[in-house]
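The values are calculated or read from the model by the stated rules, or taken from the named source; none is laboratory data. On a predicted model such as this, the values are computed, not experimentally measured, just so you know. As a convention, Cβ positions derive from the backbone with ideal geometry for all residues, glycine included, and neighbour counts pool all protein chains shown.
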Amino acid sequence: MKVLVINCGSSSLKYQLIDSQTEEALAVGLCERIGIDGRLNHTPKKTGEKIVIEKDMPDHEVAIGMVIDALVDPEHGVISSLSEIDAIGHRLVHGGEKFTKSVIIDEEVIKGVEEVSPLAPLHNPANLIGVRACEAKLPGVPNVGVFDTAFHQTMEPVAYMYGLPYEYYEKYKVRRYGFHGTSHSFVSKRAMDILGLDPNNSKVIVCHLGNGSSVSAIKNGKVVDTSMGMTPMEGLIMGTRCGDMDPTIVEYLAHCLDKSLEEVMTILNKESGVYGLSGGVSSDFRDLEAAANDGNKKAELAIDVFAYRTAKYIGAYIASLNGVDAIAFTAGLGENNFVVRNQIMSNFGYMGIAIDQEKNKIRGEETVISTPDSKVKVVVVPTNEELAIARETVELVGK
Ligand code: ADP
C-alpha cells in the first residue's frame, strides 16, 4: 500500500510517499511560498536528485496538484498513475480533548478540528486546507488525521491542570495538551523494543530535542506528563521560543518596550530561546557551538541554559514516574549532538547513570549510549514522524 503523508502549514506543505510494505519513502518533498510565488522541491529516493520547480502556487490545491504531477512525472516520478496512492495521512496539530487517537477524516471530524482551532489558530486551519486540497485533487482516496496532541491524552488532571480558576478549563479548555505526540509515541515504542522492556511494565523518558523541544514521561506505554502545554510555548528553552517563565514578564515587557501583548508574544515565540539568549547568534546549535568555541560567552550560556533546563525536566519526570528504566534522545539535536547529550546526562551520575563516551559519539543512529552497568539505559532513537503517520493511516484504512 502507498500512503501520501502530508504536513500542511499556512504557506508550506511537506510530503512523503511511503510504501507501507517496505516502510521506505519513495519520494520526499516540500512546497514553499504557497500564496506568495511558489517553489516545489521534490526528491525521488531512488536517485536522490533534488528537483526544484518554480511555478505559481496561488493556493494549496494548486500545490497538491503539483505534488501529484511530480509523483507521476515520467522522468522524476515514482508511480505510474494516481490510482497507486491508496490513502493520505495528514499531520493535524491540535485535537484538543476531542481526539484521543487517529481518525478517518469525514465532515464530522473536520467540524471537530475546526472547533478546537482557537487553541492552535496558526496550525489547525492550515492543516485543514491541506485536507480539503487533497479531497479536491484525489477524490475517493481516504484521508486520515494523526494528531500531535493525541498520544498525550492519557495524562491525568494532576498533570494537565494549570493553577487557574477551574471554570477556565470548563469554558475555554485551558489545560496542558502537549505536542510532538507522534514522535514521543514512535520513539518510546522503539526504545522499549531495542531495550527489550515490557511495554506494560516500563518507565521511559523521551527527550525530543530539535528546533521545538519537549520531554515526556511514559509509564507502561502511556503518557503521564509532557513539557509542552496548552501551546508549544511551554517547557524547555527552544530554538526561538522561551519555554517556561514567570507570566508577569509578559506584562512587564509590554510596559518596558511599549508594545502590545501580541507583539510581546511574537518576541517570546520568534526571538527568544537559545537565539535570543545568545544575543541573536543563531537558533541552530551547530552555529551556537561554533560561536561558543570561538569564545562567544552568550552562545555558551545559551547552550548551558538549554542543557540545564532539559536536565531539570528529566529529574522532575523521574519523580513523576517514581523511577525510570530508560531515557531516549531524538530529533535533530537529540540524535546528532553528543556534546549536549553528555552535558544533560552529566547531572545524573548520583543515580548511577553512566554514558559510554565512545558510543555517545554516534550521530543519527539507533544506539544504546549508556555503559553496560549504568543503572538506567540511555538510548538514541531517530524519530520518523512521517512513517508513524503512514503506519497509523494503514492501521485505519486497512492494508
Ligand atoms: P525541527 O524542530 O525544525 O524539526 P530539528 O529536529 O531538525 O528541528 O532540529 C534542529 C536542531 O538539530 C538544530 O539546532 C541543529 O543544530 C540540530 N541538528 C540537526 N541536524 C544535525 C546534524 N546532522 N548534526 C548536528 N546537529 C544537527
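Of the helices (runs of 4 or more DSSP H) lying entirely inside segment 235-285, those containing at least 3 residues that are away from the ligand (no atom under 15 Å from the Cβ), of a type in the set (A, V, I, L, M, F, W, C) and modelled with pLDDT of 95 or more span 248-257, 261-270. For residue 73, the criteria (1) surrounded by fewer than 22 Cβ atoms within 10 Å (Cβ to Cβ); (2) touching a residue at least 12 places away in the same chain (Cβ under 8 Å) hold in every case but one, which is (2). Among residues of segment 373-397 that are closer than 22 Å to residue 209 by Cα, those with a beta-carbon under 9 Å from a residue that is among the polar types (S, T, N, Q) and more than 16 Å from the ligand (Cβ to nearest atom) at least six positions away or on a different chain give the pairs 376/370; 377/370; 378/370; 379/370; 381/188; 388/185; 389/102. The set of residues in segment 209-230 that are crowded, with 24+ Cβ neighbours inside 10 Å, touching a residue at least 60 places away in the same chain (Cβ under 8 Å) and within 12 Å of the ligand (Cβ to nearest atom) comprises 209, 213.
Condition check ((1) surrounded by fewer than 18 Cβ atoms within 10 Å (Cβ to Cβ); (2) of a type in the set (S, T, N, Q); (3) more than 21 Å from the chain's Cα centre (by Cα)) across all residues:
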| position | (1), (2), (3) |
| --- | --- |
| 277 | no, no, yes |
| 290 | yes, no, yes |
| 299 | no, no, yes |
| 317 | no, no, no |
| 322 | yes, yes, yes |
| 326 | no, no, no |
| 341 | no, no, no |
| 344 | no, no, no |
| 348 | no, no, yes |
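Of all the residues that make up segment 139-161, how many are surrounded by fewer than 19 Cβ atoms within 10 Å (Cβ to Cβ) and either closer than 17 Å to residue 16 by Cα or touching a residue at least 24 places away in the same chain (Cβ under 8 Å) (or both)? Going through segment 139-161 one residue at a time, the tally reaches 5. When 282, 370 are screened for being surrounded by 19 or more Cβ atoms within 10 Å (Cβ to Cβ), out of contact with any His (no Cβ under 7 Å at 6 or more places or on another chain) and more than 23 Å from residue 229 (Cβ to Cβ), only 370 passes. If you scan segment 96-123, which residues turn out to be closer than 21 Å to residue 173 by Cα, buried (at least 21 other Cβ atoms within 10 Å of the Cβ) and free of Cβ contacts under 8 Å to residues at least 60 places away in the same chain? If the condition is that a residue be closer than 21 Å to residue 173 by Cα, buried (at least 21 other Cβ atoms within 10 Å of the Cβ) and free of Cβ contacts under 8 Å to residues at least 60 places away in the same chain, then 113, 116 are the ones that fit. Selection within segment 352-366: residues that are within 19 Å of residue 215 (Cα to Cα) and either surrounded by fewer than 17 Cβ atoms within 10 Å (Cβ to Cβ) or among the hydroxyl-bearing types (Ser, Thr, Tyr) (or both). The member of this set that is modelled with the lowest pLDDT is 364. Residues in segment 300-312 that are within 12 Å of the ligand (Cβ to nearest atom) and not aromatic (Phe, Trp, Tyr): 302, 303. Those residues that are of a type in the set (Val, Ile, Thr), out of contact with any Phe, Trp or Tyr (no Cβ under 9 Å at 6 or more places or on another chain) and either closer than 22 Å to residue 228 by Cβ or surrounded by fewer than 20 Cβ atoms within 10 Å (Cβ to Cβ) (or both), I need them from segment 79-95; list them, please. Those that are of a type in the set (Val, Ile, Thr), out of contact with any Phe, Trp or Tyr (no Cβ under 9 Å at 6 or more places or on another chain) and either closer than 22 Å to residue 228 by Cβ or surrounded by fewer than 20 Cβ atoms within 10 Å (Cβ to Cβ) (or both): 79, 85. What pairs can you find where one residue is in segment 321-339 and within 11 Å of the ligand (Cβ to nearest atom) and outside any helix (DSSP H, G or I), the other is modelled with pLDDT under 95 and among the β-branched types (Val, Ile, Thr), and their Cβ atoms are less than 8 Å apart, with a gap of 6+ or different chains? Matching pairs, first to second residue: none at all. Might you check whether a residue that is over 27 Å from residue 180 (Cα atoms) and either of a type outside the set (Lys, Arg) or part of a loop (DSSP other than H, G, I, E, B) (or both) occurs anywhere in segment 359-369? The answer is no; no qualifying residue exists.
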